[in-house]
Amino acid sequence: MVTVHIPWSSKTNSNATWNEITASVVEHFGLPGDKYTTELSADYMNFIFNNDHDGLLCKLLVSEYT
């Protein structure tokens, strides 16, 4: 299992940025459920991947925001 942790920060402080992040993840991996689940809090969003390869690919995909 691989967790991709994206904190709420100045880099991710707009709705447009979060729309871009989530759209990219959904485009590449589909909706949460089969390949990954999500976890939200007031401080971060986590994408928790079942497959290490998918998790690494997602880390690279959203690396500019982490």
Scan the range 45-66 and report the pairs whose first residue is farther than 20 Å from W18 by Cβ and whose second residue is surrounded by fewer than 17 Cβ atoms within 10 Å (Cβ to Cβ), with Cβ atoms within less than 7 Å and a gap of 6+ or a chain change. N50/M1
So E39, is it assigned to a helix (DSSP H, G or I) and either hydrophobic (A, V, I, L, M, F, W, C) or on the phi < 0 side of the Ramachandran plot (or both): no
Would you mind finding the one in A42, A16 that is under 15 Å from E64 (Cα atoms), of a type outside the set (F, W, Y) and either open to solvent by 60 Å² or more (accessible area, probe 1.4 Å) or at pLDDT below 90 (or both)? A16
Out of L31, L60, which single residue is assigned to a loop (DSSP other than H, G, I, E, B) and either in contact with a helix residue (DSSP H, G or I) (Cβ under 7 Å, 6 or more places away or on another chain) or open to solvent by 90 Å² or more (accessible area, probe 1.4 Å) (or both)? L31
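The values are calculated or read from the model by the stated rules, or taken from the named source; none is laboratory data. Just so we're clear, the structure is a prediction, and the values are computed from it rather than from any experiment. Because the Cβ atoms are built from the backbone with ideal geometry, glycine has one as well, and the counts that use them run over all protein chains shown. Only protein heavy atoms, including side chains, enter the accessible area calculation; ligands, DNA and RNA are left aside. Shrake-Rupley method; radii C 1.70, N 1.55, O 1.52, S 1.80 Å.
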